[in-house]
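Worksheet for the structure shown next.
Nothing in this text is a laboratory measurement; each read-out follows from the coordinates by a stated rule. Nothing here was measured: the structure is a model prediction, and the numbers come from that model. Heads up, the Cβs are rebuilt from the backbone with ideal geometry, glycines too, and the neighbour counts pull from every protein chain shown.
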Amino acid sequence: MALIEARGLRKVFKNTVALDGIDLHVQEGRIVGLIGPNGAGKTTALNAILGLTTYEGQLSVMGFDPWEHREQLMRDVCFIADVAILPRWLKVSQAIEYVAGVHPRFDRAKAEAFLGKTTIKRESKIRELSKGMVAQLHLALVMAIDARLLVLDEPTLGLDILYRKQFYDSLLNDYFDRSRTIIVTTHQVEEVEHVLTDLMFIDRGRIVLSTTMEDYESRYAEVQVSPDQLGAARALHPIHERQSLGRSILLFDSVDRQGLAALGEVRTPSIADLFVAVVGSNHQAIAGGAR
Amino acid sequence: MSTSSSAVQEFEQQQRTSAVLVPTQPLYWSIVREIWEFRSMYIAPALAAAVFLIGFTITVVHLPGSLREAMAGDPMKLHEVIQQPYNFAGLLLMGVTFLFSFYYCLEALHGERRDRSILFWKSLPVSDLTVVIAKAAVPILILPLITVLVAVVLECFMALSAGAAVSASGLGVANYWPHVGLVHLWLMLLFHMVAIHGFWFAPFYGWMLMVSAWARRAPFLWATVPFLAVGILEKLMFNTTHFVALLNSRFFGAPENSGWPPDHLHAFTLVSVAKFVVNPGLWIGLALTAAFLYAAARLRRARGPV
């Protein structure tokens, strides 16, 4: 059974449709990247999964209806939103004590060990810590919980490069194993690129792309084409074309790589480039239509 | 996927589910975290007590004089001279925690949405109802107990410093201490705090907690303006004041004491406790409180950061 199963998930705020009937199917042991522009519905989707918001349609997370059973669900689900949700008045030692007091799957020794690798003092209040340290603390708390699902909503927003890198490194090396599942949203796509096993693009409340990374690599190809080859390349129906240093870079979906190799160097496009191709062109079409 | 790797996964899965679950006490820790967050709930009365004690110690030099005067006359007067500062001390602490409980109830479920920390609290396996009950326990149980504890400490120091002044003047503490009746004072204060400030006022706390869970901003206005509006509307439309009278009787007409301010608390007897417990107003109020708290929990479930 899938860990998360959604069918026709829909959420309408007063006059905007945040989720327009999306279907989700997340298996155990996957690391899923949910990528989308601002206001695409990422956070709404995560909030529905976490039982923080009502929704229409069907949704089951580990067999629970999240809205009705948030408390039970949170024994197996951990959640980090952007860095600023730890209460500023809380002391580090109190944070550990509190989570130990309410969470049946929290391992205090693990949290202490992880904090031991940082410069965070037990007696500090959260307001005295830097953003990066708060993120480290939150990660230490979460990694000490033996959860099945970890939801990360822009977890590294506002952190410097070193902390961001360390954040994902710790997550992969010390936390992830095949019995856990991670869902992450981020704008810093390049940072999660090599971490993901599954990729989803969400735009205006709809899932516009959903693929495993294995399929991604065989399906999408990017070719740098010299001007004289451009006509032949365009005949293969690229889904996107852009210019870089006077050369055209064309992006293809499900076109035989052997054939493409004749046109130029074939690479797997970065997620960011594919995102621009799939989601960006959508938006351009709208902007153009409006004009 | 190969069978061996799925077997490994199954094994990992079993390990995880058979892992020992640590027993938890969500309600207890939820109350503890309120005390962590609102440290002023004990600092404010402690500060007030310290200031009062300093004032009392300064004026205690006049005590032997007024004692001698009172001893010559009416024994009731003597009793009054001796007990008055202790009653004042109790009233002061009551006032401080009462003000704090207003501030607290309006802040409790609003502050966590303002600073977005509600997302952190909701990421843990603690139900909304547990959180709301923990927050309601602060004005109903914790604050009355803090008030009594601080009063006990303060009044012990008062009795000591007064005793020192009295014996230094050559009067002998036997003329002072037996008249103070500290234990009786403390029992009265405990009963008054738990019964009136805790349970009798509970519907007000419940109402304010509900508003603080609901309002996007200005919970103070949302909590108070409706009462004013209903009172004014009633006066304008029917030229009556039943609503105001109702509030007034709830607020000032607590069954345990006849008047307000309760500067002469009724003697603490089992009869007064029994009378209080069988008062229907108490139970109607508690039912109302339960309804408000349930509503607050439902509201908290649907609310995110503001």
**OP:** Could you point to the residue in B:MET208, A:GLN94, B:ALA159 farthest towards the positive end of the protein assembly as shown's charge dipole, with +1 and -1 charges on the Cβ of Lys/Arg and Asp/Glu respectively?
**Re:** B:ALA159
Original post:
Which of B:LYS235/B:LYS275; B:LYS77/B:LYS135; A:LYS110/A:LYS165 have a Cα-Cα distance over 32 Å?
Top reply: B:LYS235/B:LYS275; B:LYS77/B:LYS135
**OP:** Determine the dipole magnitude for chain A: charges of +1 sit on the beta-carbon of Lys and Arg, -1 on that of Asp and Glu, nothing else is charged, the reference point is the Cα centre, and the result goes in debye to the nearest 20.
**Re:** 840 debye
**OP:** Calculate the dipole size of region B:109-226 relative to its Cα centre from +1 charges on Lys and Arg beta carbons and -1 charges on Asp and Glu beta carbons; express the result in debye to the nearest 20.
**Re:** 560 debye
Original post:
What's the average, rounded to a whole number, of partner chain beta-carbon atoms within 10 Å of each residue's beta-carbon in B:22-29?
Top reply: 5
Original post:
Roughly how crowded by other chains is peptide B:125-135, in terms of the mean Cβ count from those chains within 10 Å of each of its Cβ atoms?
Top reply: 3
Original post:
Any idea how far the Cα center of region B:110-135 sits from the one of region A:111-139, in Å?
Top reply: 22 Å
Original post:
Which FRET efficiency value, to the nearest 0.05, is calculated for A:GLN27 and B:LEU47 with the Förster distance at 56 angstrom and r the Cβ-Cβ distance?
Top reply: 0.45
Original post:
Which residues in region B:140-182 have a backbone N closer than 11 Å to a point placed 7 Å from the Cα of B:ARG68 along the Cα-to-Cβ line?
Top reply: B:169-171
Original post:
Using Cα pairs under 8 angstrom and six or more residues apart, how large is the relative contact order of chain B, in percent?
Top reply: 26 percent
Original post:
Relative contact order for chain A: what is it in percent, counting Cα pairs under 8 Å that are at least 6 residues apart?
Top reply: 20 percent
Original post:
What is the distance, in nm, between label points placed 7 Å from the Cα along the Cα-to-Cβ direction at B:GLN25 and at A:THR268?
Top reply: 5.2 nm
Original post:
What residues qualify as long-range amide H neighbours of A:ILE207, i.e. H under 5 Å apart, gap of 5 or more or another chain, H built at 1.01 Å from N?
Top reply: A:ASP23
Original post:
By average Cβ neighbour count within 10 Å, what is the ranking of B:215-221, B:168-174, A:30-36 from highest down?
Top reply: A:30-36, B:215-221, B:168-174
Subject >> Full-extension gain in nm, B:LYS77 to B:VAL173, via 0.36 nm per residue minus C-alpha separation >> reply: 32.8 nm
**OP:** Excluding residues on the same chain fewer than 8 positions from A:LYS117, give the aspartates and glutamates whose Cα lies under 15 Å from its Cα.
**Re:** A:ASP169, A:ASP174
Original post:
Calculated FRET efficiency, A:VAL12 and A:HIS187, Cβ-Cβ r, R0 25 Å, to nearest 0.05?
Top reply: 0.50
Subject >> Unit charges on C-beta of K, R, D, E only; dipole of region B:23-302, Debye >> reply: 1040 debye
Subject >> Beta bridges per DSSP with both ends in region A:4-204, % antiparallel, nearest 5 >> reply: 50 percent
Original post:
What fraction of the DSSP beta bridges in the protein assembly as shown is antiparallel, stated in percent and rounded to the nearest 5?
Top reply: 65 percent
Original post:
Cα centroids of region B:168-196 and region A:145-204: how far apart, whole angstrom?
Top reply: 63 Å
Original post:
If you average 1/r over all unlike Cα pairs in the protein assembly as shown and invert the result, what Kirkwood radius do you get in angstrom?
Top reply: 28.9 Å
Original post:
Which residue, chosen from A:LEU172, A:LEU137, A:THR43, occupies the Cα position most advanced towards the positive end of the dipole of region A:4-204, where the dipole is computed from +1 (Lys, Arg) and -1 (Asp, Glu) charges on Cβ about the Cα centre?
Top reply: A:LEU137
**OP:** Identify the trypsin sites (Lys or Arg not before Pro) of region B:26-95 meeting these criteria: DSSP loop state and at most 10 other C-beta atoms within 10 Å of the C-beta.
**Re:** B:ARG39
Subject >> Two-site FRET efficiency, B:VAL306 against B:PHE88, from Cβ-Cβ distance with R₀ of 35 Å, rounded to 0.05 >> reply: 0.25
Original post:
For B:ALA164 and B:ARG216 in the same chain, what is the full-extension length gain: residue separation times 0.36 nm, less their Cα-Cα distance, in nm?
Top reply: 13.2 nm
Subject >> Inter-label distance, nm, simple model (7 Å from Cα along the C-beta direction), A:SER124/B:LEU141 >> reply: 3.6 nm
Subject >> Sparsely packed GluC sites (Glu not before Pro) within region A:95-188, loop by DSSP, other Cβ within 10 Å at most 10 >> reply: A:GLU123
Original post:
Using θ = phi - 60° and the Karplus form 6.51 cos²θ - 1.76 cosθ + 1.60, what ³J(HN,Hα) does each residue of region B:234-247 get, whole Hz, x for Gly and Pro?
Top reply: 4, 4, 5, 7, 10, 6, 10, 10, 4, 5, 4, 4, 4, 4
Subject >> Charge dipole of region A:215-290 about the Cα centre (unit charges at C-beta), most positive-ward option of A:GLY259, A:SER218, A:VAL278 >> reply: A:VAL278
**OP:** Give me the lysines in straight-line cross-link reach of A:LYS11: C-alpha distance below 30 Å, same-chain residues under 8 apart excluded.
**Re:** A:LYS42, B:LYS122
**OP:** Please work out the Cα center distance from region B:284-306 to region A:227-250, rounded to the nearest Å.
**Re:** 61 Å
**OP:** Please average, across the residues of A:91-101, the number of beta carbons from any other chain that are within 10 Å of each residue's own beta carbon, and give a whole number.
**Re:** 4
